Amino acid sequence: MTPEFDTDPMRDEHAERIVLSAMMNSADVADDMIAGLNESHFPAAHGAAFRALKALREAGAPTEPHAVRAWLDARGELQQILGGTGKFVIDIFEAAPVPQNAYHYAPILVDWASRRGLDAAATRLRRLARTGDIGTEERIGLAADALAEHTDVSDQLADTAPTLAAALPGYLDRLEDKTPDQTLPTGWTDLDRLLGGGLRPGQLVVVGARPGMGKSVFMLNAAYHAAVTLRVPALFASLEMSRTELMDRIVSHAANVDLTALRERNLTEDQWGRVARSIDRLGDVEHLVLDDDPGVGLTGIRARLRKMRRSGDPARLLVVDYLQLMQSEGRRADNRVAEVSQLSRALKLLAKEFDIPVVVGAQLNREVEKRTDKRPILADLRESGSIEQDADIVIMLHREDAYDKEAPRAGEADFIVAKHRNGPTSTVTAAFQGHHSRFMDMATDR
């Protein structure tokens, strides 16, 4: 006979009462349970009791039955959830004369919460399967998010926060290990030297500039260096340029052919030869993924990263061009500044989730162009909310010849590292060759 899962309470009330009782009887047990469990492990009225116990412990107050009842009564929950009787709290208190039994029953609560999470995820997956107004990749991404959201119910009492003493041996091993830290060079020698070897996994790197400074060129160069020179997988999400425009820039860079000639399809015989040779060299670069969906959001980007990971070629770099063109998903923020702040925070979390550097372009505000000295500063990011706070590295691009064609430093560009969470800040000079879609290294000791 097939069980009726829809009517199954999917819980162990006895185990819940044992754990709650132990928390009332022992402050030490209460602290351990609060560290490893959460309200999702206690359905219905038991959830209210756990919430009360947690609040009392965090306030340094007693957790005996009278205190729990008073806390619930003061918030109207005793009447609303528990029917106005204090007997419920007393019955819980008497359920576990041996508080240490909680350590046996807590994993049972974790297991039931996991089952409830799977059941909730299954319901959401069924709805997704019947939704016809989204694409396949987005549907798969939302499905993966549903599984992660509904099944990550706790750390299952794992000790993920070590003491200082417990952390010291691993730190000492790291000091003794002569293997260089994992970094991803950008291809610009002086910039890599300033950044301690390049970009690091988990970093959010913001590239800020006014329009026309070469923001897209910088980011495409970084992705090209990773995928073509270093031969590591990279994902370039372009919300501004089409795939054809991206290909024009990549081939212009690789073949040393004027970008305008490629755009106008007006190539000399020599240029055709260089294009053909570069395309032959690029023909096996299957791990540079160019996503030019202008409506791609975080869900779509996450789905693409997961697909690359499943293929056995996980991305080592994500580039997003650019932040202000992204649209948030789900509940919208009250204003665009708050929305962009949510996006920058989500990109930082994405860098940590996939353990890769995330490079994202950001448009600077117009204040920079009102100043006599037009070199950008961190304050020019402020209208975009928390970008500066979320970023590990902020690189501002500046070219004097963007404002004055006859400037003494025409053809030069400054990479202004205005923020570097784990290192120094400074300015690196590169040569800008816009006609070939590239910034060239100017380091003399390469």
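I'm checking my understanding of the structure. Among residues of the range 340-394 that are among the β-branched types (Val, Ile, Thr) and part of a helix (DSSP H, G or I), which one is farthest from Lys215 (Cα to Cα)?
Of everything passing the filter in the range 340-394, Val340 is farthest from Lys215 (Cα to Cα).
Of all residues being more than 17 Å from Arg193 (Cα to Cα) and of a type in the set (Asp, Glu) in the range 403-433, which is surrounded by the most Cβ atoms within 10 Å (Cβ to Cβ)? Just the residue, please.
By that ranking, first place goes to Glu412.
Give the number of residues within the range 99-135 that are within 27 Å of the chain's Cα centre (by Cα) and outside any helix (DSSP H, G or I).
Qualifying residue count for the region: 4.
Of the conditions (1) of a type in the set (Asp, Glu); (2) over 19 Å from Leu204 (Cβ atoms); (3) in contact with a Pro (Cβ under 9 Å, 6 or more places away or on another chain), Asp392 fails just one. Which one is it?
Asp392 satisfies every listed condition except (2).
Looking only at the range 15-55, how many residues end up being in a helix (DSSP H, G or I), on the phi < 0 side of the Ramachandran plot and out of contact with any helix residue (DSSP H, G or I) (no Cβ under 6 Å at 6 or more places or on another chain)?
Looking only at that region, the number is 8.
Is it the case that Leu220 is in a strand (DSSP E or B) and in the same structural domain as Asn422 (by TED's automatic domain parsing)? If you could, list the steps in order and put the result at the bottom.
Numbers: in a strand (DSSP E or B): no; in the same structural domain as Asn422 (by TED's automatic domain parsing): yes.
In short, no.
So, Arg375, is that one in the same structural domain as Met241 (by TED's automatic domain parsing), farther than 20 Å from Ser238 by Cα and buried (at least 23 other Cβ atoms within 10 Å of the Cβ) or not?
So Arg375 fails the test.
Are there any pairs with C-beta distances below 6 angstrom linking a residue in the range 304-320 that is in contact (Cβ under 8 Å) with a residue 12 or more places away in the chain and over 17 Å from Lys348 (Cα atoms) to a residue that is hydrophobic (A, V, I, L, M, F, W, C) and in a helix (DSSP H, G or I), with the two at least 6 apart or on different chains, and if so which?
Pairs that qualify, where the first residue is in contact (Cβ under 8 Å) with a residue 12 or more places away in the chain and over 17 Å from Lys348 (Cα atoms) and the partner is hydrophobic (A, V, I, L, M, F, W, C) and in a helix (DSSP H, G or I), are Pro314/Met308.
Determine, yes or no, whether Val98 is at pLDDT below 85 and buried (at least 21 other Cβ atoms within 10 Å of the Cβ).
In short, no.
Identify the residue in the range 427-444 that is assigned to a strand (DSSP E or B) and within 15 Å of Asp248 (Cβ to Cβ) and, among all such residues, is farthest from the chain's Cα centre (by Cα).
Only one residue fits best here, namely Gln433.
The values are calculated or read from the model by the stated rules, or taken from the named source; none is laboratory data. As the structure is a prediction and not an experimental result, all values here were calculated from the model. Positions of Cβ are generated from backbone atoms using ideal geometry, with glycine treated the same way; all protein chains shown enter the neighbour counts.
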